[in-house]
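Structure first, then comments.
The values are calculated or read from the model by the stated rules, or taken from the named source; none is laboratory data. Note that the structure is predicted; figures quoted are calculated from it, not measured. Please note: Cβ atoms are built from the backbone with ideal geometry, for glycine as well, and neighbour counts cover all protein chains shown. Quick note on the areas: whole protein, heavy atoms, side chains included, nothing else; ligands and nucleic acids left out. Shrake-Rupley method; radii C 1.70, N 1.55, O 1.52, S 1.80 Å.
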Amino acid sequence: MSERTWENTYDLSEAQLEQLEEAETLMERMDLSGAERVLLSMLEVDSNCVPVLSNLGYLYGKHLSEFENAVEYYDRVLEIEPDNPWARDARRRYSRYLNRD
């Protein structure tokens, strides 16, 4: 595996990093079911893993147009990190598509 040029801010294990990389590769290849499977299995191990929650929000919002699910995952990120600007912006973007009476 190539050397990472970014900081492991969340102190993820090597296995978690490899699984995230696999999920991102699957998304790039448009194997969305495969990416979802990997990310959901990671969430079973650590239900508060911000990178997994963020990637699920991205997957559901950007690729699957399941905006309610995307917003729910970004809400979970913001419960853990209330000042996360990326999650806040993404949640706002996808919330616009929801019918709110």
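For (1) modelled with pLDDT under 95; (2) polar (S, T, N, Q); (3) touching a helix residue (DSSP H, G or I) at 6+ places or on another chain (Cβ under 8 Å), each residue gets a yes or a no:
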{"residue": "Leu32", "(1), (2), (3)": "no, no, yes"}
{"residue": "Val38", "(1), (2), (3)": "no, no, yes"}
{"residue": "Glu44", "(1), (2), (3)": "no, no, no"}
{"residue": "Cys49", "(1), (2), (3)": "no, no, yes"}
{"residue": "Ser54", "(1), (2), (3)": "no, yes, yes"}
{"residue": "Tyr58", "(1), (2), (3)": "no, no, yes"}
{"residue": "Ser65", "(1), (2), (3)": "no, yes, no"}
{"residue": "Leu78", "(1), (2), (3)": "no, no, yes"}
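Pairing each residue of the range 74-98 that is more than 19 Å from Leu43 (Cβ to Cβ) with any residue that is open to solvent by 80 Å² or more (accessible area, probe 1.4 Å) and not β-branched (Val, Ile, Thr), provided the two are 6+ apart or on different chains, yields C-beta distances under 8 Å for Leu98/Glu68. Within the range 77-101, the residues that satisfy the criterion of being outside any loop (DSSP other than H, G, I, E, B) and open to solvent by 80 Å² or more (accessible area, probe 1.4 Å) are Glu79, Trp86, Arg88, Arg92, Arg93. Provide a single number: the residues in the range 6-28 that are surrounded by 15 or more Cβ atoms within 10 Å (Cβ to Cβ) and among the polar types (S, T, N, Q). Looking only at that region, the number is 2. Of all residues in the range 56-69, one or more are part of a helix (DSSP H, G or I), open to solvent by 30 Å² or more (accessible area, probe 1.4 Å) and of a type in the set (D, E, K, R). Filter the range 29-50 down to the residues that are part of a helix (DSSP H, G or I) and surrounded by fewer than 20 Cβ atoms within 10 Å (Cβ to Cβ) and list them by number. Of everything in the range 29-50, those that are part of a helix (DSSP H, G or I) and surrounded by fewer than 20 Cβ atoms within 10 Å (Cβ to Cβ) turn out to be Leu32, Ser33, Gly34, Glu36, Arg37, Leu40, Ser41, Leu43, Glu44, Val45, Val50.
The number of residues in the range 49-88 being charged (D, E, K, R) and more than 22 Å from Ala23 (Cα to Cα) comes to 4.
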